[in-house]
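Step one of this worksheet: look at the structure below.
The values are calculated or read from the model by the stated rules, or taken from the named source; none is laboratory data. The structure presented is a predicted model; accordingly, all values stated were derived computationally and were not measured. Cβ: placed from backbone, ideal geometry, glycine included. Neighbour counts: every protein chain shown. What goes into the accessible areas is simple: the full protein's heavy atoms, side chains included, and nothing from ligands, DNA or RNA. Shrake-Rupley method; radii C 1.70, N 1.55, O 1.52, S 1.80 Å.
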Amino acid sequence: MYKHRWQIETMFKRLKQNFPLKYFLGDNQNAIEIQIWCGLIIQLLMLVVQRKTKRRWAYSNMVSMVRFHLMTYIDLFKFLENPSKQWLALTTKPPDKQLSLF
């Protein structure tokens with residue numbers, strides 16, 4: 001029983017450290033519950049990504065990298081496997097032909 005309690009404590013510790021809920025976007029109970037559920041879902045997704053990558057990342061570093069590259073067009077798993085190689089390929093790639101008019 002204590003083992004499961006400790007896992008719950010570490011889950012909430014990780015949630016408070018990496019996804020701070022200092023300010024709630026709403027003031028009613030439903031808005032607060034939705035925000036907490038979103039944080040729990042994100043934490044679950046990040047744990048799945050962490051377990052699928054072969055390279056071992058610290059949880060907070062991985063979350064920071066994903067947060068930084070949230071709006072970029074990269075393959076997340078390839079980037080987490082070898083960030084320096086993927087970053088070099090991303091920055092040295094020639095511009096897309098579709099965007100140029102002439």
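Suppose we keep only residues that are over 24 Å from Val66 (Cα atoms) and of a type in the set (Phe, Trp, Tyr) within the stretch 1-20. Which one would you say is modelled with the highest pLDDT?
Selected residue: Trp6.
May I ask you to list pairs of residues, at least six apart or on different chains, whose Cβ atoms are under 6 Å apart, with the first in the stretch 29-53 being modelled with pLDDT under 85 and the second being open to solvent by 80 Å² or more (accessible area, probe 1.4 Å) and not in a helix (DSSP H, G or I)?
The qualifying pairs are Ile32/Phe24; Gln35/Phe24.
In the stretch 21-53, which residues are closer than 25 Å to His69 by Cβ and open to solvent by 80 Å² or more (accessible area, probe 1.4 Å)?
Within the stretch 21-53, Lys22, Tyr23, Leu25, Trp37, Ile41, Leu44, Leu45, Arg51, Lys52 meet the criteria.
In a helix (DSSP H, G or I), without any contact (Cβ under 8 Å) to a residue 40 or more places away in the chain, of a type in the set (A, V, I, L, M) and within 21 Å of Arg14 (Cα to Cα), is that true of Leu88?
Details: in a helix (DSSP H, G or I): yes; without any contact (Cβ under 8 Å) to a residue 40 or more places away in the chain: yes; of a type in the set (A, V, I, L, M): yes; within 21 Å of Arg14 (Cα to Cα): no.
Judged against the criteria, Leu88 is not a match.
With respect to the numbered conditions (1) surrounded by 10 or more Cβ atoms within 10 Å (Cβ to Cβ); (2) over 30 Å from Thr91 (Cα atoms); (3) among the hydroxyl-bearing types (Ser, Thr, Tyr), which one is the sole condition not fulfilled by Tyr2?
Tyr2 satisfies every listed condition except (1).
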